[in-house]
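Just below is one structure, and these are the notes that go with it.
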Ligand SMILES: [Zn+2]
């Protein structure tokens, strides 16, 4: 389905649809492609009430997005293939030649996610390829666009499944253990969607053919908005982790137990939440208690147990250690004062991911060469397929300004001009890397 440029847009997320429909194609080198691609993707998997996206791995909405990707590849005469883990690839040039320059992102979403997280990178990749063709770019290296499957982990609870499998960071055994909320396993879900789950696993031959991977992504924060730049380059993905805090006190009657006689773990938990905010502010980091379980969970009962989960992320390991260490120390102090027992368990941890410095510097040179402008380099607290692949191949990321910083929400947005700037920056990067 292709809509015409002049047609009024439907009601959707802010940003692209709100601005002039004619602006993007003209600015993107005369190609109507960006706008048409965006329009075609926009209705897929959007919930009629929340207006958010529910494009979960291997569901109907995901399959519609995959069909869209295949159409885009074939319409451009690119070599289309699906790898052993269900990731989609569209090749310009010989896939087997080696030293390929690859770009792309993902098309799946979190529950009630926005339109930009993932799709902006995939749509921009096809538009950048169109731009290179219109420039008559002479490419010496093969170019590919990829749609990594199940990046958000919304259905099976683990993020970046497609790239993790490919990079060998998710074993076959563990992949088979992944199940969704209805008890459907990942292999059965793939099978139901028409893919062969028996082939999944590490794919080193494929990665060996890639010389560089560049993922364009909407920024999930306000750094570019605050600096006044349309496009930035990623420096690193912050180290992050999850910790479970168990506060144990004594259940008792909410009406008959004198305040001085209580051992109420909710008080200690509340003080710990405030400490988390304070410690994060001091370190320039983030810390969030976003999930809590209470026992016995009765409105007229003093709790016996409050279990809170802390998610914390910081620019570097030392800052993260300082924040989490500070929160735990404060929590122990409050616990001791109130007669509460405290256990702290680290449930998951991902160390810092530094993107390849040489590739990052190369991107900076390419993007700054005509303007003498320095393209801002920024870190991010969010995980990405590029982060997974960075341990195996040189990877880099471009961020496009997000005026509110909101992400994983229908309110996620990017201005049309900024999306076009992203396409042109990506085209410059691909041309700069692949033409040499
Ligand atoms: Zn994403």
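The values are calculated or read from the model by the stated rules, or taken from the named source; none is laboratory data. Fair warning: this is a prediction, and the values are worked out from it, not measured in the lab. Neighbour counts run over all protein chains shown; Cβ positions are idealised from the backbone, glycine included.
Listed values, structure above:
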{"quantity": "Test result for residue 391, in the same structural domain as residue 154 (by TED's automatic domain parsing) and buried (at least 18 other Cβ atoms within 10 Å of the Cβ)", "calculated": "no"}
{"quantity": "Number of the exception - residue 344 against (1) buried (at least 17 other Cβ atoms within 10 Å of the Cβ); (2) more than 30 Å from residue 392 (Cβ to Cβ); (3) within 36 Å of the chain's Cα centre (by Cα); (4) in contact (Cβ under 8 Å) with a residue 40 or more places away in the chain", "calculated": "(1)"}
{"quantity": "Single residue of 162, 153, 157 found to be within 16 Å of the ligand (Cβ to nearest atom), at pLDDT below 95 and out of contact with any strand residue (DSSP E or B) (no Cβ under 8 Å at 6 or more places or on another chain)", "calculated": "153"}
{"quantity": "Conditions (1) within 17 Å of residue 352 (Cβ to Cβ); (2) in a loop (DSSP other than H, G, I, E, B); (3) touching a helix residue (DSSP H, G or I) at 6+ places or on another chain (Cβ under 7 Å): number failed by residue 201", "calculated": "(1)"}
{"quantity": "Check on residue 350, within 16 Å of the ligand (Cβ to nearest atom), more than 25 Å from residue 101 (Cα to Cα) and touching a residue at least 60 places away in the same chain (Cβ under 8 Å)", "calculated": "yes"}
{"quantity": "Matching residues in region 223-255 - criterion: being part of a strand (DSSP E or B), closer than 17 Å to residue 421 by Cα and away from the ligand (no atom under 16 Å from the Cβ)", "calculated": "231, 233"}
{"quantity": "Pairs with Cβ under 9 Å, 6+ apart, first in region 287-298 and without any contact (Cβ under 8 Å) to a residue 12 or more places away in the chain and at negative phi, second loosely packed, with under 13 Cβ neighbours inside 10 Å and assigned to a strand (DSSP E or B)", "calculated": "none"}
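Quick grid of which residues meet (1) modelled with pLDDT of 95 or more; (2) away from the ligand (no atom under 16 Å from the Cβ):
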residue: 192; (1), (2): yes, yes
residue: 196; (1), (2): no, yes
residue: 204; (1), (2): yes, yes
residue: 218; (1), (2): yes, no
residue: 221; (1), (2): no, no
